[in-house]
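The structure appears right after this line, and notes come after that.
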Amino acid sequence: MKRKVSILALLMLAAFSVSLLSACSFGKSADLEMSESSLSLTVGSTAILSATGGSGALTWTSGDDKIASVENGTVTAKSVGSTVIRAEDEKGKSCSCNVSVTNKEITNVTLDRNTATVDAGKSIQLTATFTPSDASNTNLTWVSSDESVAVVNSSGNVTGVKSGVANITCRTQTNVEASCTVTVKGSTASSQSSNNNSNNNNTSNDRPPANDAPYGHFNPSYTYRSSDFVFPESSTRKLTRSEINSKLSSLSGSSVSGSFAQDAVNEIYARNGYCFRDAHIRNYYEAQPWYYADESFSTSDFNSIENYNINLLLEYT
């Protein structure tokens, strides 16, 4: 009898244990897991995250909404940086995803033409198209393989200097590029020489070297003379500090602007058609046969050599 009671007690205890284990297992919630542990997005793009294993509805939050926001698991990249997207269930369990946001870079650049021809002293406009069209960083750099043949400004406007061939390259900050082969015909220097032969007031020794021309908005009917400028070659050749010091120390008399160094800067502006506000300076240049004002003047018209020389000359003003 006692043995039967003992066996019955053991069976009841075993049944209770199984019942207890089943209840505990049923009441335990699984860990919350994110579908992605990290995301790399570009500004303006989106991604969808999900979380599994939680209890009840999820609450989604972003560590920095300015970098990336989240709504019901949909992440929207807003600005460059990194943040953490977190999901939390009703029982307080959470999981997260690290999000990194970068700019949408240009992946391809094309020009409206691969080859072009321009006369010396004339200009053509090159136009760049990039992919994707909504790239974040659209800063482009334009360079010429030979600025003695052709120069290009920051907006892709190419000016022929002398007969020859130059490659004009458009490049992104991530070194994606496209090029156009530009053939320059004729020679501004030759046309100036012809003008000089018919103009007894000018001599060939008084004319700047051939690579002085053309200037941005030059008067093609006029024969340039070295005496017209403080530095006749400042639009086509990088000046040196030694020659600037030597030239400025050799000048005498009165400068137009009150500083010969400023005069040298002004003449670069004048060669590109700048309309001077100061009446005295404006009257001086309007009296020069090579100058004419251009209402559409922009500093983007300067070529890389002119920008270099302007910055150097300003150290002496």
remark   = Here the residues within segment 93-137 that are exposed (fewer than 12 other Cβ atoms within 10 Å of the Cβ) and under 24 Å from I48 (Cβ atoms) are D134
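Does D119 qualify as being part of a strand (DSSP E or B) and acidic (D, E)? Even if it seems obvious, please write down each step before you answer.
On the way: part of a strand (DSSP E or B): yes; acidic (D, E): yes.
In short, yes.
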request  = Please go through segment 31-89 and pick out each residue that is of a type in the set (K, R) and outside any strand (DSSP E or B).
outcome  = K66, K78
Conditions (1) outside any loop (DSSP other than H, G, I, E, B); (2) at positive phi; (3) not hydrophobic (A, V, I, L, M, F, W, C): number failed by G258 = (1)
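Determine if segment 255-264 includes at least one residue that is over 15 Å from T317 (Cα atoms), over 34 Å from the mean Cα position of the chain (by Cα) and not acidic (D, E). Show your work before the answer.
Of all residues in segment 255-264, those over 15 Å from T317 (Cα atoms) come to none.
No - not one qualifying residue is present in segment 255-264.
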ask   = Can you name every residue in segment 294-309 that is exposed (fewer than 15 other Cβ atoms within 10 Å of the Cβ) and in contact with a Gly (Cβ under 9 Å, 6 or more places away or on another chain)?
value = D294, E295, S296
key: Within segment 144-181, considering residues that are touching a Lys or Arg at 6+ places or on another chain (Cβ under 8 Å) and assigned to a strand (DSSP E or B), the one surrounded by the fewest Cβ atoms within 10 Å (Cβ to Cβ)   = E177
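Bear in mind these aren't lab numbers, they're just calculated from the coordinates by the rules spelled out. Keep in mind that what you see is a predicted model, and the values were worked out from it rather than measured. Reconstructed Cβ throughout: ideal geometry from the backbone, glycine too, with neighbour counts over all protein chains shown.
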